[in-house]
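Below: the structure, in structure tokens.
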Amino acid sequence: MSDYFQGDFPTQSVSLTKSAIASPQDQSEEASRKIAITVAEAASDRKAGEILLLRVASVSYLADYFVMMTGYSRAQVRAIAQAIEDKVGTELQRHPLRTAGKAEGSWVLQDYGDVIVHIMMPKEREFYNLEAFWSHAERIELPTADDGGGKPK
């Protein structure tokens, strides 16, 4: 005798169509993207270098997006971190769940839950090389004013 239920299940497949109404997951993904782009804008306003936006949702359960950038002095790293907190807090009413490294200023990590921000000095960014570790993640291009796209929406 078998330990599992052997019922008469339909052998037809059921087709799924995408609804015109956005699902909660789609809305969550859009909210995450908006936070990530706002983070990148705030970092750009403080002259962060090499801003990289990665969509890691399909390859990691840690977050939907990673935003990485370079600050060229400890003071600039802290200023970028503060500018991000201020802009995301003001525009989206979100604050990091956790922040680490602000006192040292060589690598600040801000965890917004669905978006993780890494602000690193050049040495730390080169040494840890997170871009290579997450190379299989999708890179999101950020439009610039030079591209004719203005700020990302």
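Tabulated data
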{"read-out": "Coil-residue chymotrypsin sites (Phe, Trp or Tyr not before Pro) of the stretch 39-69, DSSP, other Cβ within 10 Å capped at 16", "value": "Tyr61"}
{"read-out": "Rule-of-thumb Rg ratio for the stretch 28-140 [Cα; 2.2 N^0.38 Å; N residues]", "value": "0.95"}
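No lab work stands behind these numbers, since they all come straight from the coordinates. This structure is a prediction, so every number in the text was calculated from the model and none was measured. Ideal geometry is used to build each Cβ from the backbone, glycine not excepted, and the neighbour counts take in all protein chains shown.
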